[in-house]
Amino acid sequence: MKKIITLLIIIYLITLSEPPIKEINELEIGDYARVTGIVNNSYTTDRLTIITLKNNNDSIKTVIFNELHPRPGGLIEVTGRVKNYKGEKELTGVKVKYLN
């Protein structure tokens, strides 16, 4: 059963559309989204990495529960769930793909 659920989640993630960052604020908490942006800044601890992504004039905070070291100015794609943290929406990353 666990394998079937995992497979369904993977299929769902593959079929996600990629909304602009500003449209993520219109999504429901818990929805999955994929966003591509430029790393504006990042902060890494031993348990997680917080990345601020920008595209156009919009930005979003993404939280990845892995130790990553993205370079500022790098282009990445983050797939994850929309969460609410202190009244602001952020993306809790499930998958990070470096595009350059």
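Throughout, read-outs are computed from the coordinates displayed, never taken from laboratory work. Computed from a predicted model, the values in this text were never measured in an experiment.
Under a straight-distance cross-link criterion of Cα-Cα below 13 Å, which aspartates and glutamates are reachable from Lys3, leaving out those fewer than 8 residues away in the same chain?
none
List the pairs from Lys54/Lys83; Lys2/Lys61; Lys54/Lys97 whose alpha-carbon separation is above 22 Å, in the order I gave them.
Lys2/Lys61
Could you grab the relative contact order for segment 2-98? Cα pairs under 8 Å, six or more apart, rounded to a whole percent. Intermediate results must be reported in sequence, preceding the final value.
Values: 203 pairs, mean separation 24.7, N = 97.
Averaging sequence separation for qualifying contacts and normalising by length gives 25 percent for segment 2-98.
List the residues, sorted by chain then number, that are 5 or more residues from Val94 or on another chain and whose placed amide H is less than 5 Å from its amide H.
Residues meeting the criterion, in which the H sits 1.01 Å from N, are Thr79, Gly80, Arg81.
If you line up the long axis of helix 2-14 against the longest principal axis of the chain, both from Cα atoms, how many degrees apart are they, to the nearest 10?
Tilt of helix 2-14: around 50 degrees.
Could you work out which residue, out of Asn56, Asn40, Asn25, moves most in a Gaussian network model of the chain, that is, has the largest mean-square fluctuation with Cα springs under 10 Å?
Asn56
For the chain, compute the orientation-averaged projected area of the C-alpha convex hull (one quarter of its surface), in nm². Let's see the in-between values first.
Details: hull surface 27.6 nm².
For the chain, averaging the hull's shadow over all directions gives 6.9 nm².
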